[in-house]
Each structure stands twice: as structure tokens, then as C-alpha cells.
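The values are calculated or read from the model by the stated rules, or taken from the named source; none is laboratory data. Quick caveat: nothing in here was measured; it's all calculated off a predicted structure. We place every Cβ from the backbone using ideal geometry, glycine too, and count neighbours over all the protein chains shown. What goes into the accessible areas is simple: the full protein's heavy atoms, side chains included, and nothing from ligands, DNA or RNA. Shrake-Rupley method; radii C 1.70, N 1.55, O 1.52, S 1.80 Å.
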Amino acid sequence: MSAGEDEIELKFLCEPADLPVVLAAAPPGETHEKALVSTYYDTPQGDLRKARISLRIREGGGKRVQTLKRGDGFAREEHEQEIATDGLDLSFPALKDALPPAKRKTLSPIFTVRVIRRQRTFDFGGSSIELAVDEGEVQAGERARRISEVELELKGGDCRPMFELARQLSKTAPLYLSFDGKATQGQGLIDGSDRSPRRHDKAPLARGLSAAGAFQAIARNALVQIAANGAVLREADSVEAVHQLRVAVRRLRSAVSTFSDVADDDHAEAIKTELKWLAGACDEARDLDVFAESAAALVDPTLDLSALAPVVEAARARAHAKACAAVASGRFRELVLDTTAWVETGAWLSMGGKAHAKHRDMGAARFAAKALQRRRKRLLKFAADLKGADDAARHEARIAAKKLRYAAEAFAPLFDADAKPFIKSVKQLQEELGALNDAAVAAELVTRLRLKGAALAAARALLAAREGAKPKTVKGAVKAVDRLARSPVFWNI
């Protein structure tokens, strides 16, 4: 294959002991085993990584194959050709398209992947699927990381049977869907981010996309973040990973809401229910983390919080254990796989009816402008009287601000105008409303903790201090609403 084709695959993380179990449970066929050594390349400035491109030379089975892949996740553009030279073929057409001549000359090896691969190709549900189980390691300098993966790659036919096979195999062993290829794992070893929480990365929205295509790009982006932070938490508890996991779930839920006229079928409600469950599994841990952080940041020498701290820490430990258990559960595995299957193959992509097709096929920019206008109008309505509103009403305004910000950040690449000033104004309002919501949540937490004695007295003093700061925060929120109302929009209808 020298021309670009889409590589469609599902990659799963699992324990080495489970690899033979998965192989035994797969449809029968001739199994081939071979040792593969892959050397990955990039420029000193990391130009390929920045462009979401990986470049490697793989040696195995008496062949040397140069491969360039572009993109992330479920479907990636792939170009490959067999080569006879020892080093890179700099005349590789896909590589010439990716880098100018001067940059190509600076390409050098950055890490190596060595695996024993056992693979089998078979027909399943009318599609041709290749199953590969890899065991080995990726090495970058002095650092190395174990690889134990199961891959399902579509070789021909429809991809729906591949998801069904994945569900069947997942019943035989704990398989965690991952969107991080070996290139991402190696790059993580280089910069030390391999065990770091995954922060939000803007979805690559391109001009000319349909509304359906825009939803898929945004949803894929959130699923990458969900799966990656789940992997971090299965290795070790992390305050930041819980936070980023929760943010990713919220962004995905917000996208499902924003695109409700597009991605709406019989399975949508089940997806929303499971996403709500996952968010809920992280809520208490995040609320307690924020409570502890705000208490630590409160500079008041007259407050003695020493009796409160151990009680809060014990509650945090229980809440974090709950979040970590959630991402290690079968329910989490099913959620990520089922949501991915719905995003990529759901009935919403082909449902009949002129109204549904009209929303699905609408240009992404036009859809985005309408959605942003609607979100902005809703927020300004909810935030019209923050001074006289109660905590519940301010909470509704905060949710509206959050949804507008997520939509604005996601849709910004579709427009020529600079979106940063508008997004900044929404973020400022969201932060003010967030501070007010944190104070309200803190009061609920104190009630749930059932404190007594000195711990209760300390908590009450802390709540009183936060209550005293509320008027200033409300005033800041009112000003933020005024700034937002005056801020020029970056979209047009």
C-alpha cells in the first residue's frame, strides 16, 4: 500500500496473562507469530508529533516497511511501502507531503518498539478482521514501558462486526479500549507524560465538515481523554486525573446535548445514562478535592482547621477509591466501547427522514453558528439577575456557561474570526459562578460528613468565611455577565 488508506482498528490494553485467553476465544484461523522491531522518527522540534503524525520503519518477517500514519483514534490515514534501504526513504510521497525538504533531513530515531506478535485473519459477521496480540516493550533512552495489547483491524467489509467481536472477547478477559498507539506511548516516555493525566486537546475540526462529522470529531476527542485518564487511574490514584476524566465526560455529555438534533437514535439515552454514571462516580472525589484546596488556600490565622483536615482526608480517600474502582470496572469498559461504537456506527448516521438528514448533513459551520447563538441566548437569560438569584438558579447559569464555553472552544476552528476574546469572557463568568457553586457544594459536603465537636466547629468557621466572600463574588459574576453581553461573537449565521 503506497497510497493513503484509512486504517480502522480497535486497540485494547490487557494483562500479558490474558493474551492467550483472548487468542483462544477468537474465531479460528491460522496464527502467525513473528518478532517485530519498529523504530520511530521525528525532527528535533517534534514536528510530526505536533501534526498528529507518526513515522516508523518496522522490521520483521524478512521485510522492512516504512509507514506514516496521520490522525488519532479509531480511524487513521495510513501510508506504507516496503523499502530496501537501511534508513528512511526521504522521497516517500506521504513524507514529502508532511514535511519540507529541510525538515525531512533532520529526521532521526527517537524510540524503539520491540514486540512478539501473534496474528490471525478470519471472517466474522461478513467482515474480514485481523486479530493481533502484542507483547513486548517500548524503549526511549533509559526509559522503557511494557506493551501488552490486543488489536482488531478491519481488513474488509463493515466495521460493526468488529465491535461485536470486541464485545465477545471482552467477556473472556478485561480489555480496556485505548486510543493511544505505540507512537503516543513512545512519545510519552520521551517527555515523561506516559503516566500523566490527559488534558483536553482541541478536536481537529476542518472546514467543509458536516454536522455529523463535527460531532464525531469532538466525541472522539473526548473519548481519547476518558480512556487515557482511566488508564492513569488504574495504575495510581491522581487528583488531576480524576479532574480531567470528569472534564472529558462533561465535554462529551455537552456535545451530545449540543448535537441532540443530529446524534439522536434509540441508543442515545443509554449512552447519556452511562456517561452520567461515570461523572457521578467522580463527583464526590472532585468536590472534596476542591473543598480541601479552598480550605488550604484560605489565609486566616484565626481559623484552626486541624480537627477538620483528617476527616476530610479520610473522606477524600474513600471517594477517590470509588472513582478508581469505577474506571477499573466492567461497566467502564462497556461504556467506552459502546460509546465508541455508537459514535462510529450508530443508527443516527443513517436514519431516514428529511428532518434528521437535514440536521446531519448541514455544514458544520452553519450548525455551529446556530448552536452557539442558542447557547449564548440561554446563558444570558439564566444570568440576567445573578444578584437576586438563589444558589440553584446560579447553578443553572453556571451549567449554561460551561456548555457555551465547551461549544465555543470546539467550534472555534470553523470560523475566521478570533474566538479567544469571547471564550475568555465566558470563562471568566464560569469561574465566578464556579466559585459560588463551590461554596454551596461545601455546605452540602459538611452536612454529609456528619462532623462533630472541633471538626464541626472548624467546618462552620470555614463556611462562614466563604459566606462572607459571597457578595464580592456575586458582584464579580454580574460584571462578567455584562462583559459577555458586550463581547463580540466570532461566528456568523
When the range 14-36 is checked residue by residue, the ones that are in a strand (DSSP E or B) and open to solvent by less than 50 Å² (accessible area, probe 1.4 Å) are 36
Those residues of the range 447-493 that are of a type in the set (Ser, Thr, Tyr) and touching an Asp or Glu at 6+ places or on another chain (Cβ under 9 Å) come to a total of 1
Among residues of the range 465-493 being modelled with pLDDT under 90 and of a type in the set (A, V, I, L, M, F, W, C), the residue farthest from residue 374 (Cα to Cα) is 465
The condition of being out of contact with any strand residue (DSSP E or B) (no Cβ under 8 Å at 6 or more places or on another chain) and farther than 26 Å from residue 326 by Cα holds, among 220, 246, 207, only for 207
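Residues checked against (1) crowded, with 21+ Cβ neighbours inside 10 Å; (2) modelled with pLDDT under 95:
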site	(1), (2)
143	no, yes
177	yes, no
203	yes, yes
210	no, no
- Return yes or no: is residue 441 among the β-branched types (Val, Ile, Thr), modelled with pLDDT of 95 or more and within 30 Å of the chain's Cα centre (by Cα)? no
**Report entry** Test: residue in the range 220-236 that is outside the structural domain of residue 289 (by the TED database) and farther than 22 Å from residue 251 by Cβ
**Finding:** yes
Of the conditions (1) closer than 17 Å to residue 266 by Cβ; (2) outside any helix (DSSP H, G or I), the single one that residue 388 does not satisfy is (1)
In the range 237-262, anything over 18 Å from residue 220 (Cα atoms), part of a loop (DSSP other than H, G, I, E, B) and either under 17 Å from the mean Cα position of the chain (by Cα) or in the same structural domain as residue 406 (by the TED database) (or both) is listed as 238, 261
Reported set for the range 348-358 where residues are touching a residue at least 12 places away in the same chain (Cβ under 8 Å) and open to solvent by less than 60 Å² (accessible area, probe 1.4 Å) is 348, 349, 356
When (1) under 28 Å from the mean Cα position of the chain (by Cα); (2) under 21 Å from residue 381 (Cβ atoms) are applied to residue 474, the one that fails is (1)
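Out of 417, 407, which single residue is small (Gly, Ala, Ser) and more than 25 Å from the chain's Cα centre (by Cα)?
417
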*Regarding residue 338, is this residue closer than 30 Å to residue 443 by Cβ and surrounded by fewer than 20 Cβ atoms within 10 Å (Cβ to Cβ)?*
no
Only one of (1) closer than 13 Å to residue 195 by Cα; (2) without any contact (Cβ under 8 Å) to a residue 24 or more places away in the chain does not apply to residue 236, and that is (2)
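Name the single residue that is surrounded by the fewest Cβ atoms within 10 Å (Cβ to Cβ) among those in the range 409-423 being in contact (Cβ under 8 Å) with a residue 40 or more places away in the chain and part of a helix (DSSP H, G or I).
Across the range 409-423, the extreme among qualifying residues is 421.
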Those residues of the range 372-400 which are closer than 17 Å to residue 437 by Cβ, among the charged types (D, E, K, R) and in contact with a helix residue (DSSP H, G or I) (Cβ under 7 Å, 6 or more places away or on another chain) amount to 387, 391, 394, 396, 398
Those residues of the range 453-463 which are surrounded by fewer than 16 Cβ atoms within 10 Å (Cβ to Cβ) and either touching a helix residue (DSSP H, G or I) at 6+ places or on another chain (Cβ under 9 Å) or under 13 Å from residue 295 (Cβ atoms) (or both) amount to 460, 463
Could you check, for the range 63-76, whether at least one of its residues is more than 18 Å from residue 187 (Cα to Cα) and open to solvent by less than 20 Å² (accessible area, probe 1.4 Å)? yes
Residue set 361, 385, 390; condition surrounded by fewer than 20 Cβ atoms within 10 Å (Cβ to Cβ), under 24 Å from residue 414 (Cα atoms), at pLDDT below 95 and of a type outside the set (Gly, Ala, Ser); output residue 361
Looking across the range 263-286 at residues that are buried (at least 18 other Cβ atoms within 10 Å of the Cβ) and modelled with pLDDT under 95, the single one that is nearest to the chain's Cα centre (by Cα) is 263
**Message:** Whether any residue in the range 472-489 is among the β-branched types (Val, Ile, Thr) and closer than 26 Å to residue 219 by Cβ is what I want to check.
**Reply:** yes
- With respect to residue 99, is the statement that it is in contact with a strand residue (DSSP E or B) (Cβ under 7 Å, 6 or more places away or on another chain) and either open to solvent by less than 70 Å² (accessible area, probe 1.4 Å) or modelled with pLDDT under 95 (or both) true? no
